[in-house]
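Any read-out appearing in this document is the output of simple, stated calculations on the displayed coordinates, not a laboratory observation. Because the structure is predicted, anything quoted here is derived from the model rather than measured. Quick reminder, even Gly has a Cβ in these numbers, built from the backbone with ideal geometry, and neighbours come from all protein chains shown.
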Amino acid sequence: MLDPVDIPSSAGSCCVMNKHSFEIRRFRAADVAAVACLYRRAVRIGAAHAYPRTALIAWATPRQGISFLRNRLLATWTFVATDVAGRVLGFCEVMQNGHVRMLFTDPTATRRGIATALLDRGLAQARATGIRRFDTDASRVSAPVFARAGFRCTGRRMRGVSRARLLSHRMIRRG
Ligand SMILES: CC(C)(COP(=O)(O)OP(=O)(O)OC[C@H]1O[C@@H](n2cnc3c(N)ncnc32)[C@H](O)[C@@H]1OP(=O)(O)O)[C@@H](O)C(=O)NCCC(=O)NCCS
């Protein structure tokens, strides 16, 4: 793992668990199947109102296999949100250079602050190593989440994601 400085595992997590609460923890190898499944659901269901179906199908079909994904998520600052039963509700991947690469919440668990909490945790981890500039290519769906977290839009562009080309918002945050 990349962790020169690992902030305490309790930071950003939720202590009192009820059916609506969630806990944030570091991604583990055993999470990869749940994360891959959540990714497909979040794209195909959660982003269905924002992109054409053909783009969604391509976006939901990663170029790389599951072991590649597992190894990459272990090597970056990746956090998952889990419910009281341990089910993965969302995940966020932050790269060592401050790039937020992935942010997804299961369609059954949106608008509960899960993406915001995951992003907070990922940025805090990066900040602990001295990173003070963050960027992302936000989808049409996630741009409001990043805006609320202090990112500002610097432009829009078509970019390749998995097998799709999607209109994305280039967003930056300092500090
Ligand atoms: C985008 C996504 C990650 C948001 O996850 P989430 O856990 O629902 O986000 P949060 O609950 O933290 O939302 C925080 C705030 O962002 C804004 N927001 C979130 N989803 C929004 C939406 N669909 N439309 C408008 N604003 C939205 C709201 O201001 C929200 O606060 P509020 O619920 O108090 O109004 C999730 O909807 C998702 O996975 N979507 C599909 C895939 C995708 O596009 N992922 C991003 C790839 S870059």
Looking at the P(r) of the stretch 23-131, how many percent of alpha-carbon pairs lie beyond 25 Å?
18 percent
In which sequence would Thr136, Thr61 go, from the one with the fewest C-beta neighbours within 10 Å to the one with the most?
Thr61, Thr136
Which percent of Cα pairs goes in each bin when the distances of the stretch 79-133 are cut into 5 angstrom slices starting at zero?
4, 22, 29, 21, 13, 8, 3, 0
Taking the chain as a Gaussian network, Cα atoms linked when under 10 Å apart, which of Gly98, Gly46, Gly130 shows the biggest mean-square fluctuation?
Gly130
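Place a +1 charge on the Cβ of each Lys and Arg in the stretch 19-175 and a -1 charge on the Cβ of each Asp and Glu, then give the dipole magnitude about the Cα centre in debye, rounded to the nearest 20.
Numbers: 30 positive and 8 negative charges, 90 e Å.
The dipole magnitude comes to about 440 debye.
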Can you give me the relative contact order of the chain as a percent, contacts being Cα pairs under 8 Å and 6 or more apart?
23 percent
